[in-house]
Amino acid sequence: MASASAALRKSQTAPLPPSDSLSDEDFLRIAELVGGHTGIRLPAGKRTMVEGRIRKRMRATGQSSFADYCHYVFEDGGLATEVTHMIDAVTTNKTDFFREPEHFDVLRRHIVPDCLSRSRGGKAALKVWSAAASNGAEAYTIAMVLADMASRERRFDFSILGTDISTDILAQARRAVYPADFVAPVPAEMQRRYLMHSRDPAAREVRIVPELRRHVGFMHLNLMDDSYAVDGDVDAIFLRNVLIYFDKPTQVAVVGRLLRHLRPGGYLLLGHSESMIGASLRLKQLAPSVFKLV
Ligand SMILES: C[S@@+](CC[C@H](N)C(=O)[O-])C[C@H]1O[C@@H](n2cnc3c(N)ncnc32)[C@H](O)[C@@H]1O
């Protein structure tokens, strides 16, 4: 396995001369381009972060300054190829296994029992959507919890869809290889069952076992799109830690579009810092960041 730690890092190597920075105009052009495609707001306070991340693209395209890079993108035909890379560069993909762990208790105590009781003793199949999946840690955490339950309840099965706008991060999610340190939040018993270790002990990497991966699929999806190519009867949508990057009207529009894919009685789980955003006529709040479609 190649180094997943390196793949997870998004930073630059050698520093540029300190004098090189984005002009006001170029920063605004980048902010408008990114905002228009992704909904992500890039206020002035994000400028240093954007410079740091765009620097990598500058090198990759052989440009020697921010001004040259922006000229190449905006005036010299580079836009079509660079837009995807720019989105990959500016999205914040911070995630963890078992992040905000209360949500996985909701999965165990409410979402799966609901699914089992609806199936009235027959086969029960749960559909879960991780709608800002990042490197897959959230989707595989859900898979671990559900696989555990499925091992005790033979009639229970599940499928998980992970979607994200960043093509780079989706490639990592599909590969399902993580640095050993990164999986530390996974309980020891689950690590034993659901993670395999590299044959090269020096690699310090693990991979999600195929039996778990077969329940999880990943797909590119932009939450800004007018409609989503996703089933209309999803049982639970995890939309955690992405709405914070959008302005209020965008947050409301995204939640509204996602609700079209939730079955009646289905669950929407937001990040803890986003709990107020779920306030909608069609949602009943069960816990600070957990909602049920009525
Ligand atoms: C901070 S991560 C959250 C990951 C995970 N949900 C969690 O809570 O740990 C936010 C993710 O949202 C994705 N994202 C940002 N804008 C998006 C958009 N317009 N459509 C789809 N995904 C988007 C980013 O690429 C990033 O991977």
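The values are calculated or read from the model by the stated rules, or taken from the named source; none is laboratory data. Please read these numbers as outputs of a predicted model, since none were measured by experiment. Every residue, glycine among them, receives a Cβ derived from its backbone with ideal geometry; neighbour counts consider all protein chains shown.
State which residue is nearest to the ligand (Cβ to nearest atom) when the search covers only the stretch 226-246 and only residues that are in a strand (DSSP E or B) and farther than 23 Å from Lys94 by Cβ.
Val234
Yes/no per residue for (1) in the same structural domain as Leu223 (by TED's automatic domain parsing); (2) at pLDDT 95 or above; (3) surrounded by fewer than 13 Cβ atoms within 10 Å (Cβ to Cβ):
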| position | (1), (2), (3) |
| --- | --- |
| Ala14 | no, no, yes |
| Ala31 | no, yes, no |
| Gly45 | no, no, yes |
| Arg57 | no, no, no |
| Arg108 | yes, yes, no |
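Give the number of residues within the stretch 121-154 that are among the charged types (D, E, K, R) and either within 17 Å of Phe218 (Cα to Cα) or in contact with a Leu (Cβ under 8 Å, 6 or more places away or on another chain) (or both).
Residues flagged as among the charged types (D, E, K, R) and either within 17 Å of Phe218 (Cα to Cα) or in contact with a Leu (Cβ under 8 Å, 6 or more places away or on another chain) (or both) within the stretch 121-154 amount to 3.
When you scan the stretch 261-294, how many residues do you find that are in contact with a Ser or Thr (Cβ under 8 Å, 6 or more places away or on another chain) and in a loop (DSSP other than H, G, I, E, B)?
Here the count works out to 3.
So, Leu223, is that one under 24 Å from Phe158 (Cβ atoms), within 16 Å of the ligand (Cβ to nearest atom) and in a loop (DSSP other than H, G, I, E, B) or not?
yes
Being out of contact with any strand residue (DSSP E or B) (no Cβ under 6 Å at 6 or more places or on another chain), surrounded by fewer than 22 Cβ atoms within 10 Å (Cβ to Cβ) and not polar (S, T, N, Q), is that true of even one residue in the stretch 125-143?
No, there is no match, as no residue in the stretch 125-143 is out of contact with any strand residue (DSSP E or B) (no Cβ under 6 Å at 6 or more places or on another chain), surrounded by fewer than 22 Cβ atoms within 10 Å (Cβ to Cβ) and not polar (S, T, N, Q).
Just to check your reading of the model, which residue among His85, His103, His110 is over 30 Å from Gly62 (Cβ atoms), within 14 Å of the ligand (Cβ to nearest atom), outside any loop (DSSP other than H, G, I, E, B) and of a type outside the set (A, V, I, L, M, F, W, C)?
Result: His103 is the single residue among His85, His103, His110 that is over 30 Å from Gly62 (Cβ atoms), within 14 Å of the ligand (Cβ to nearest atom), outside any loop (DSSP other than H, G, I, E, B) and of a type outside the set (A, V, I, L, M, F, W, C).
Which ones in the stretch 116-136 are in a loop (DSSP other than H, G, I, E, B), within 16 Å of the ligand (Cβ to nearest atom) and not polar (S, T, N, Q)? Lay out the reasoning, then the answer.
Residues of the stretch 116-136 in a loop (DSSP other than H, G, I, E, B): 119-123, 131-136.
Keeping just the survivors that are within 16 Å of the ligand (Cβ to nearest atom) gives 131-136.
Ala131, Ala132, Ala133, Gly136, listed by residue number.
Report every pair of residues separated by at least 6 positions or lying on different chains whose Cβ atoms are under 6 Å apart, first residue within the stretch 272-292 and farther than 18 Å from Arg257 by Cβ, second part of a helix (DSSP H, G or I) and at pLDDT 90 or above.
Ser289/His272; Val290/Val106
Can you tell me which residues in the stretch 79-100 are touching a Phe, Trp or Tyr at 6+ places or on another chain (Cβ under 9 Å), of a type outside the set (Val, Ile, Thr) and buried (at least 19 other Cβ atoms within 10 Å of the Cβ)?
Residues satisfying the conditions are Glu82, Phe97.
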